[in-house]
Structures are given as C-alpha cells and as structure tokens.
Amino acid sequence: MPLPSAHEENVVAEATRCAVAFHQCGMLAEAEKFYAAILQARPDHFDALRLLGVLRQQQGNNAEALRLINTALKMNPRSLEALCNFAGVLFALKHYDEALASYDRALVIEPGHPEVLYNRGNTLLQLGRDEEALAAFDRALAKKPDHPEMLVNRGNALLRLDRVPKALAAFDRVLELVPDHAIALGNRGTALKLLGRYEEALENYRKLLELTPDNVAALNDHGSTLLLLKRAEEALAIFDQVLAIAPDQPGALNTRADLLRVLGRHDEAVDAYDKILAAAPHNGEVLYNRGKSLWALGKLEEAMASYEQARAHNHPRALGDLAMCRLRIADWPSAVSLAGALRTHLAEGGLVDPFALMALGLDPSDQLESSRRYVRTRIADAPTPFVHASAIRPDKLRIAYLSSDFRQHPVGTAIAELLERHDKTCFEIVGVSYGSNDSSATRTRIVEAFDQFHDVASDGDRDIAQLLNDRHVHIAVALNGLTAGCRPGVLACRPAAIQVNYLGYAGTTGAEHMDYILADETVLPFDQQRFFTEKIVHLPDCYHVNDATRRISAYVAPRSDLGPPDQGFVFCCFNQTFKIAAPVFEVWMRLLARVHGSVLWLSDMSDLAQLNLRREAAARGIDPDRLIFAPRMDDSADHLARHRAADLFLDTLPYNAHSTTCDALWAGLPVVTCMGNFFAGRVAASMLKAAGLPELVTNNLADYEALALKLASDRALLASIRRKLADNRASCPLFDSDRFRRHIEAAYATMWEIYRRGERPRAFRVEPCG
C-alpha cells in the first residue's frame, strides 16, 4: 500500500482540527461531515473513529458509538481517552459491569487519574457497591479536593451508606464552593429530611426554588417535607404548583388527591381520584383511597365497590378495610366470608389492619402478627435510637403522655381527672399532642392539667422524639396504640428510657420499642404474654381510668321524647355498629321475643346499617320497629342522662363496650357482659368487677342470654342491682380516681426501679393500696 503524501497528511490534519473545533462548539452536524470525510479518506483514522463515536453518543446513537470507539480501541488498546469514552457509552447503555472493566483498564494505564476514578465511583454506585464507590471518590478527591461534582457524588454514596451527617457535610462543602449548585441543594435537603431537620430542609428547598422556580423535583421534595410536618394546606398549594407545570405527573396527582382526603375535602378528593383512574384504572392505591373518601361522604355502597376493586388489584390494606365496612353496616355474611380471606391473606404474608382482626374475633396470635407488620409499614427504616443513662435517681419522674386524642374523645374524657390528680411532688407530667385542637372544654382542661403541654401536630416524628429527649422524659406513655392518629415513628426513636402502651388500644402494638402495656388480671392474664411484645403490668381493680367528675344532667326527658316507648322494657346498647356481631344479635332478638313489649335501643348509625339490622330482625320474626336508634347528642351530660331511660345495657362480643360501659355504669345503668377470649372482649368484665357487680359477668352466650332474661323478667332483682350500683358508685374502685392514681404511679415507679437497676423490662403486678 503506497504511503500517503505529505500533502494528504496535511489535508487530514487540517480536517481533523476543523472537526474538533466544530465539535467543541457544539456544531455537531458540521463536525460529523468532517469526520465522515476523514474516514472516507482514512478508514483507520484513530481520532476520527473515536471522536465520531463520541458524537454519535451525543446524538443518542449509543450502539453506533460503541462500534466506532471499539474499532478505535482495537487500533490503540492503551488509549486512556478511548477507554474512558468506551466506558461512558457502556454506562449509558446500563452495561455497568463492562463499563467498570473499561475504567479499570484505564486505571492500569494511569492509576491515579481523578476523572477516571470519579466515573468508576459513579459506576460502582449503579452496581450497588457503595463502599467501593466511596473509596473511589475519596481517591479522586485526594487529587482534586475541591471538585464540586466529586463532592456531590461522594455525598450521595454516604447517603446510600446511611452516613447522613457526613453526607450533609459533603453537600455543605459543595455549597461553600458553588453557592447555587442546584444538585447539591437538592441532595442536602434529602439529608436534612433523613436527619429529621424538616424546617431546615424546607428552607433549603426554598433556596433551590429561587434558583430553579419550575424545578418539579424540588417542588415535590418541598411538598413532601411539608407533609412530614403535617402542614397539609401548604403542601396542597405546592402540589398544585407541580401540576400547573406538569399536569399529568402521577405522583403529584396522587399526593394532591390524598391531601384533599386528609383535609376532609372528600368530594374534591373523589373527583381527583377519578381523574387518575381514567388514565390508570387498575391503580389499587387510588381505588383504596377513593373508597375512604366515599365512605366519609356516606356513599357506603360506592365505597365498598371501590374497596372491592382495590382488593382485586392486590392492595394490601383493602381487604381489612372492606371487612370493617361490612361490619359497620351489619352485613354479617360478607364479613364472615372476609374473615376467612383475612386469615389466608395474613398467612401468606399480607398486611391486615389489626383492628379488623379484633372486631372479627380472630386469634390473638393473628393480632400479634398483624400488629408487627402494621408497625413495620409505618416505620420503614429503624431510626437511630437515643441513648439513656440508668444510674440517676431523679427527684421527680417525668412522665409524658402522647396522644392524638386530647380533645372531646373517649380517651381525652377518661384521662382528664388522672392528669389533674397526679402527685406533682413526685411526678412531672408532660403532654404531647399530635392531634387536632377542637377548642372544647375537655381540651382546655387537659392542657391546664399538664406541667408542660406541647402541641406538635405539625412536627415530624424525629422532631417530636427530640423534644421528649431534650426534656429528659423518663417514661413515655402512648395513648393511641395502633388507633387512628397514632405516630409509632416517634417512640421508635426511643426518646424515653421506658415506653408504655396504654388505654386507647386494647391490644399489642407489636413494636419492639414498647416496653410495657398497662392492663389488669381480668383483661390480660399473664398467660397471654406470648401474644404481646410489651411486658404485661397488672394494675389492681381495673386498668381503665375514669373521670369521676363527669356531670350528668338532672333532667331526664320522657322516654317517648328520647325514642323508646313510655311503657315496656328497654334493652340498650350504645356501642358502635361494628361491635354488633350476628351471634349476639340473635340473643337480643330472642330476648325481644320472650320479653313482651320490649325494645332494643341502639346508637345512631348509617341508613344502610339500620336497614340491615331491621332486615335481620324481621328474618328472626321481630318487628323491625322494635329497633330504635338514638341520635347523637353533643352534650355528654345529656347523653349520660338518657341512659336512665333504659332498663338494661347489653354488651357485645367479641369486642366489648369499653368507655361505653363506663358511661352506662356511671349513669346507673346495669350492664350484662360475656367474657371474650382476648383483651378487647374482656374489658366490660373488668369494669363490672371493679364496680362491685361481678354477678353481671357471664362466660358464654347461653349464660349471658339467661341472665339478661332473668333481669328483664324479675323487676325486683333488677331494682336491687340498680340500688347496689347506685350505692357502689361513690366508693367502688372503678370510679375511685385517687386510688387509681396511686396505682398507676406505683406502676411507673416500679418500671423506673427495674430500669435503674439495669434490668430488662419484665411483667409485674401492682399491689392494691390500702
């Protein structure tokens, strides 16, 4: 082959210079013409092959880029530039292992090359080899310590390794060098959120949005941070901005719809969910949340249809919510069939609302497993716990009560007097509220009872935990359990040395970070310990606190004004509908059949639930009009007073009346109960024993029916029970608030002594005071 002339060499060299100049200026079409001309004249021109390959990658033609650069590499296998170009195309094609091999070949040629080390680190990140990636970035930064991009990706590696404070320091260094570095600002916000420093994260995103106002990712991050702070209205405004820029972004559409639901704007929420479903009709999460809004709107049949669809698309919580819906409308055949499906779902590793399992009467072992899974979903990653010393004996034990229900609510009503009575010479009482302020008299009373009260409804879990830790709380008492409004992520941070489950939830939280559950020997015998992650503590008498200062209206309206007829026996049950199970209802209908002129007085419920119960009564030969429904009364004193218009309260099973039993007994209305197989079904029995009426506790439904019939048939016997209740009311343990206060304080003191001695939490019994 003849050698090229000097003139030809000069022409090719000049063409190469022009091609490179055009390429560097971004004039790719012009550069491409020159590269093509060079390769037509010199098919083996190394630089033209390599650089045309780079250009093809810039044009998005990675396959051709790979071919061209590979051809160049065959001519010069030790070209650092070609090896890096080749690795870059492989990286773009997501062939990360091959890209890594190419970078390693480049490092054999120049071991400390910072850009190669940096790109190798990026490749290792994609392969999930985060420790090696961090080492590569550190080697690169040893050569270029102030390189912003290397610092950013080093921070990313540290985030992936959960070394969040060090990641934050890396992003801070970038911003010292380049104050308006958008990626560093965004990633710094992520680090601050992971550290629970939500307010700082918000300020960070505000700065980023000043630089890039239409940055959808930054707006999403800003909105999600507001959600963590429970600032739903502000978050909604942010997601409206996102959708103004990107109208069809699925994540923002979903979040906006969920926010409307959380804010109680259910009509708008349903419309928003429908818009999403028009584009994605099989979205189980959207179908599930749409069902929740429809239920809140009272559109029960539509809600259940939406839950059914969500269930068909494998939404993990739809089955449990559907079962609760069926119970709430007294659709027992459907609920019973769903109970079997729930057992199967749980056995297959599915997520089931533990409350639904209680209502359906499933085994305590199922309830424990369900609770464990529920808590794991609420606390995705175990947060770093605070550390506490055990050697100090404080002058006062600092007890924090945590709840979303410090308001006109059964929990708020029950605990108010205890908070007022706590011995402030030995205990300092802290209130931590992450629920709404209903501005009620109960709310005001609760706030005034605490030595400190903190409304943290808009704070994140870690911020609330930090608050508890900063105030050196010794014992944190969670009053929600797993009920609506619970915040298990707060105590997952272990902000207090001792953490207690109490009152609001008659079951285990399934959380390893909860040390104790306050109960009594009736509701939770020690032989049930295997079904609870918390150690069982027995209070004497009854575990359930009461307010013995509650007022009852002096005036009682005539029965006919309240609903029941003026004549005849009035059986009563003011429990929620979901607690009324078919076997108990059958007992009630037999009682109505045998007690001439009697009626059953129930609490108000949905039209569909009333229709179903009336239909079930008719099917058992009972006139549906003998079921009477009591409208809601806002004044609790009037509600308590109307209990006097009833003759006998009939409890439910498998889930008893809890605060409702207290209401009836406080108002002087006897309660007949049947002991269940687990905590939630044994509460009324505990209360009746503490009220001095153990004779009203039965152990099976046959005895329950017989006792109710006997009391309804023997007016003298029932009158004697009423007198006994009236005589006991002022002195019985159930309503002796100061006796209860001494017992629960003794429990706290024992917990602290166990901890102070360095022992692990253990079950124990509090001895009754004199």
- prompt: Expressed as an acute angle from 0 to 90° and rounded to the nearest 10, what is the orientation of the C-alpha long axis of helix 80-92 relative to the principal long axis of the chain?
  reply: 30 degrees
- request: Please report how far the C-alpha centroid of the range 249-295 lies from that of the range 207-227, rounded to the nearest whole angstrom.
  value: 22 Å
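Once you sort the root eigenvalues of the Cα gyration tensor of the range 376-465 as a ≥ b ≥ c, which label holds: rounded (a/c under 1.5), prolate (a/b larger than b/c) or oblate (the other case)?
Details: a/c = 2.42, a/b = 1.12, b/c = 2.15.
Taking the square roots of the gyration eigenvalues as a ≥ b ≥ c, the range 376-465 is oblate.
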message: Amide H of Q499 versus every other amide H placed in the peptide plane: which residues, excluding those fewer than 5 positions away on the same chain, fall under 5 Å?
response: A476, D515, Y516
Amide H partners (placed H, <5 Å) of C674, local residues excluded: T698
- prompt: Projected onto the charge dipole of the chain (+1 at Lys/Arg Cβ, -1 at Asp/Glu Cβ, origin at the Cα centre), which of A400, L297, V174 gives the Cα projection farthest towards the positive end?
  reply: A400
field: Histogram of C-alpha separations across the range 48-126, 10 Å bin width, %
entry: 22, 53, 24, 0
message: Taking 0.36 nm per residue of sequence separation and subtracting the Cα-Cα distance, how much length would be gained by fully extending the chain between R757 and D97, in nm to one decimal?
response: 232.1 nm
- request: Figure the gain on full extension for N699 and A169 (residue separation times 0.36 nm, minus the Cα-Cα span) and round it to one decimal in nm.
  value: 184.4 nm
task: Show which lysines lie in cross-link reach of K275 when reach means a straight Cα distance below 22 angstrom and same-chain residues fewer than eight apart are skipped.
output: K292, K299
statement: For K535, the aspartates and glutamates lying under 18 Å Cα to Cα, once residues fewer than eight places off in the same chain are dropped, come out as E369, E512, D515, D520, E521, D527, E745, E753, E759, E767
field: Accessible area (Å², per residue) of the range 71-123, counting only protein heavy atoms and a probe of 1.4 Å
entry: 45 Å²
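Starting from 0.36 nm per residue, how many nanometres of slack lie between E448 and A29 once their C-alpha separation is accounted for? Numbers along the way, then the final one.
Values: separation 419, 0.36 × 419 = 150.84 nm, distance 7.66 nm.
Once the chain is fully extended between E448 and A29, it gains 143.2 nm.
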- request: When a/c is below 1.5 the answer is rounded, else prolate if a/b is larger than b/c, else oblate, so apply that to the range 412-463 with a ≥ b ≥ c taken from the square roots of the Cα gyration tensor eigenvalues.
  value: oblate
message: Just to compare against my own numbers: the Cα pair-distance distribution for the range 562-620, 5 Å bins, whole % per bin, please.
response: 4, 17, 29, 30, 17, 4
- prompt: In the range 443-470, which residues have a backbone nitrogen under 20 Å from the label point lying 7 Å from N437's Cα in the Cα-to-Cβ direction?
  reply: 443-461, 463-465, 467-468
message: Given all pairs of different Cα atoms, what value in angstroms does the Kirkwood hydrodynamic radius of the range 32-191 take?
response: 16.7 Å
field: Cα centre as origin, Lys/Arg/Asp/Glu Cβ charges: the chain dipole, Debye
entry: 1440 debye
task: Over the range 516-613, with every protein chain in place, what whole percent of the accessible area is carbon and sulfur at 1.4 Å, could you tell me?
output: 50 percent
- request: Let me know the shape class of the chain, please: from the alpha-carbon gyration tensor, a ≥ b ≥ c as square roots of the eigenvalues, rounded when a/c is under 1.5, otherwise prolate if a/b is greater than b/c, or oblate.
  value: prolate
- request: Excluding residues fewer than 8 places away in the same chain, name every one of the aspartates and glutamates whose C-alpha is closer than 16 Å to that of K207.
  value: D172, E176, D180, E199, D221
task: Heavy atoms only, probe 1.4 angstrom, no DNA, RNA or ligands counted: give me M633, M687, M75, M675 ranked by accessible area, highest first.
output: M75, M633, M675, M687
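Using a 10 Å Cβ count of at most 12 others and DSSP loop calls, identify the longest part of the chain lacking such trypsin sites (Lys or Arg not before Pro). Write out the running numbers ahead of the final one.
Numbers: sites that count: R78, K94, K424, R551, R632, R757.
Here the longest segment lacking exposed loop sites spans 95-423.
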Distance histogram for the range 106-145 (every C-alpha pair counted, 10 angstrom bins, percent rounded to whole numbers): 37, 54, 8
Helix 216-228 axis, angle to the chain major axis (alpha carbon atoms, nearest 10°): 30 degrees
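What does the charge count around C674 come to, taking other residues whose C-beta lies under 11 Å from its C-beta (Lys +1, Arg +1, Asp -1, Glu -1)?
On the way: positive: R682; negative: D651, D703, E705.
Net charge in that neighbourhood comes out at -2.
Of Y103, Y555, which has the most accessible area with a 1.4 Å probe, and how do the rest follow in descending order? Let's see the in-between values first.
Details: Y103 10, Y555 160 Å².
Result of the area sort, largest leading: Y555, Y103.
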message: Suppose all protein chains stay in the model; what accessible area per residue would a 1.4 Å probe give for the range 417-501, in Å²?
response: 33 Å²
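Tell me what the chain gives for mean residue ellipticity at 222 nm when only DSSP H runs of n ≥ 4 count, each as -39,500 (n - 2.57), the sum divided by the residue total, rounded to 500 deg cm²/dmol. Each step should come with its number before you reach the end.
Working: 35 runs with 434 residues, N = 770.
Rounded to the nearest 500, it is -17500 deg cm²/dmol.
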query: Which of S686, A641, Y655 sits closest to the plus end of the dipole of the range 631-718, meaning its Cα is farthest towards the positive end, when Lys and Arg get +1 and Asp and Glu get -1 on the C-beta?
result: S686
message: Given Cβ point charges of +1 (Lys, Arg) and -1 (Asp, Glu) and nothing else, what value in debye, to the nearest 20, does the dipole of the range 374-518 about its Cα centre take?
response: 160 debye
Under 16 Å from the V11 label point (7 Å along Cα→beta-carbon), backbone N, the range 39-58: 39-45
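Quick check for me: using +1 on Lys/Arg Cβ and -1 on Asp/Glu Cβ, what's the dipole size of the range 410-490 about its Cα centre, in debye to the nearest 20? Please report the intermediate quantities before stating the final value.
Values: 7 positive and 12 negative charges, 29 e Å.
Dipole size: approximately 140 debye.
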field: Spin-label pair L297/R590, simplified geometry with 7 Å Cα→Cβ offset, distance in nm
entry: 4.4 nm
task: Give me the percent of DSSP beta bridges within the range 462-546 that run antiparallel, rounded to the nearest 5.
output: 0 percent
query: Just the accessible area for D607, please: 1.4 Å probe, Å², rounded to the nearest 10?
result: 130 Å²
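For an R0 of 30 angstrom, estimate the FRET efficiency from the Cβ-Cβ distance between L611 and D634 and round to the nearest 0.05.
Values: r = 26 Å, r/R0 = 0.85.
It comes to 0.70.
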statement: For the range 449-507, averaging the sequence separation of alpha carbon pairs under 8 Å that lie six or more residues apart and dividing by its residue count, the contact order in percent is 39 percent
query: What is the distance in Å between the Cα centres of the range 156-200 and the range 363-392?
result: 28 Å
message: Positive end of the dipole of the chain, charges at C-beta (+1 Lys, Arg; -1 Asp, Glu), about the Cα centre: which of W601, N10, G121 has its Cα farthest in that direction?
response: W601
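The values are calculated or read from the model by the stated rules, or taken from the named source; none is laboratory data. A quick note: this is a predicted structure, and the numbers were derived from the prediction, not measured. So basically every Cβ, Gly included, is an ideal-geometry build from the backbone, and we count neighbours across all protein chains shown. Keep in mind that these areas ignore ligands, DNA and RNA; they rest on the heavy atoms of the full protein, side chains included. Shrake-Rupley method; radii C 1.70, N 1.55, O 1.52, S 1.80 Å.
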